[in-house]
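A short worksheet on the structure shown next.
Coordinate-derived values only; no laboratory data. From a predicted model like this one, the values you see are computed outputs, not experimental measurements. Quick reminder, even Gly has a Cβ in these numbers, built from the backbone with ideal geometry, and neighbours come from all protein chains shown.
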């Protein structure tokens, strides 16, 4: 609808521009044509008036000239002048406006009568011409000439009135064009107003829908983050519970089995070597099971993280990773306090655990340095390895997402800097002031 509306509006504007250009060109062409016709008729009338005025002096010279040869020449000149006047009157009568026709017909008749009145003088003898010249001029030529000039003036006035009417018609055309242009502009304005209203309403509707979707997405994101935080907390609590049960229940039961096996072995000194060997194997199996249960409990949730604090737990983790994988793990965290809130200790420990294991398993690093530095209102942690690195834009597993989620929960900043073949640096910044205030609340 918007495409159709705006397309129609643009088409209407283009049509208005094209129509206006056509009308203005037509009016201008007609105006030029009318003015050219008026000027041509006006020039013909000026020529007729001039010829009539000249004819009086030429007739006088003809009648008073005593030279026979000159008289013949003057008669020929008068005939040529008559022909020019007649031709000019005929040209003036072509395409003549209807209201000028009566005046033009009267002028044509009077001009013919004027020359017909002059016709007898062409046959007078020299003496008769000189004798009758003055009376002929005063009685015939001069009055008729005045009438013709007056009639030519009447025709000229009619020509001027026709020009005025033509100008009025052109003015009327301009008025009609202005009305059509105003009507088209009003239609374009109304169409533009409707389009603007529809567009604004549509945009506002889309904006409200977008805001509603954004609120829904935000609520869903908050719900997912809350759920993720609860899952992490539940997972950590479950690990703590399982580790405690493995340590307290299964570990103690296996320790009791070892003790009982030892007592049994001491009470049966005279048993054959075969029985002693079987008891020794049972003790070794029990001892191995006890070590595995202890390792599992420590991996799930090292008790020293709750009992001794973050730094001893990180150092124990470094020793364990070095013992199991051969990777040299160094920990520098002397400035970290022992009274960090539990969620901060857990967050830092789990991120260091994930980063060190990734460096050992996936990056094939030989050295990992863990550095934790506590400042006034925040704590910085970085884990740097010399492994193969990876493309952070393409390779992002669940472990990295889990680390980001833990840091985001505490309002911190998480970052990974790595390139293929140049090692990896995992860094996080946690605000401690909020943590302490939150702990107080």
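I need 281, 407 ordered by Cβ neighbour count within 10 Å, fewest first.
Listed from fewest to most nearby Cβ atoms, that is 281, 407.
Just to be sure I understand the model, the point goes 7 Å from the Cα along the line to the Cβ. What's the resulting residue 113 to residue 13 distance in nm?
That separation, rounded to one decimal, is 6.8 nm.
If we count other beta carbons within 10 Å of each Cβ, what is the order of 370, 71, 413, fewest first?
Fewest-to-most Cβ neighbours within 10 Å comes out as 413, 71, 370.
What FRET efficiency would be calculated for the residue pair residue 282, residue 319, taking the C-beta separation as r and a Förster radius of 25 Å, to the nearest 0.05?
Once rounded, the FRET efficiency stands at 0.25.
If contacts are Cα pairs under 8 angstrom and at least 6 residues apart, what is the relative contact order of the stretch 2-197 in percent?
That works out to 40 percent.
Quick one: Cα centre-to-centre distance for the stretch 29-59 and the stretch 310-354, in angstrom?
117 Å
Over the stretch 26-124, what relative contact order in percent results from Cα pairs under 8 Å that are six or more residues apart?
30 percent
Quote the FRET efficiency, to the nearest 0.05, computed for residue 204 versus residue 25 with a Förster distance R0 of 51 Å and r equal to the Cβ-Cβ distance.
The formula returns an efficiency of 0.70 here.
May I ask you to compute the full-extension gain from residue 219 to residue 422, defined as 0.36 nm times their residue separation minus their alpha-carbon distance, rounded to one decimal in nm?
The residue 219-residue 422 span can extend by a further 69.1 nm.
Rounded if a/c is under 1.5, else prolate if a/b is larger than b/c, else oblate: which is the stretch 303-441, with a ≥ b ≥ c the root eigenvalues of its Cα gyration tensor?
Here the stretch 303-441 falls in the oblate category.
Listing 417, 338 from the residue with the fewest other Cβ atoms within 10 Å to the one with the most, what is the order?
Listing 417, 338 from fewest to most nearby Cβ atoms yields 338, 417.
Can you compute the equivalent ellipsoid semi-axes for the stretch 2-197, i.e. the square root of 5 times each eigenvalue of the Cα gyration tensor, sorted largest first and rounded to whole Å?
62, 14, 9
Pull out the extension gain between residue 54 and residue 128, defined as 0.36 nm times the separation in residues minus the alpha carbon to alpha carbon distance; nm, one decimal.
24.3 nm
At 0.36 nm per residue, and after removing the present C-alpha to C-alpha distance, how many nm does the segment from residue 361 to residue 83 gain when stretched out fully?
Net length gain for the segment: 87.7 nm.
Give me the one-decimal nm value for the distance between modelled label points at residue 164 and residue 415, 7 Å along each residue's Cα-to-Cβ direction.
So the two model labels end up 9.1 nm from each other.
Tell me, what is the FRET efficiency for residue 230 and residue 378 to the nearest 0.05, using R0 = 22 angstrom and their Cβ-Cβ distance as r?
Between residue 230 and residue 378 the formula returns 0.30.
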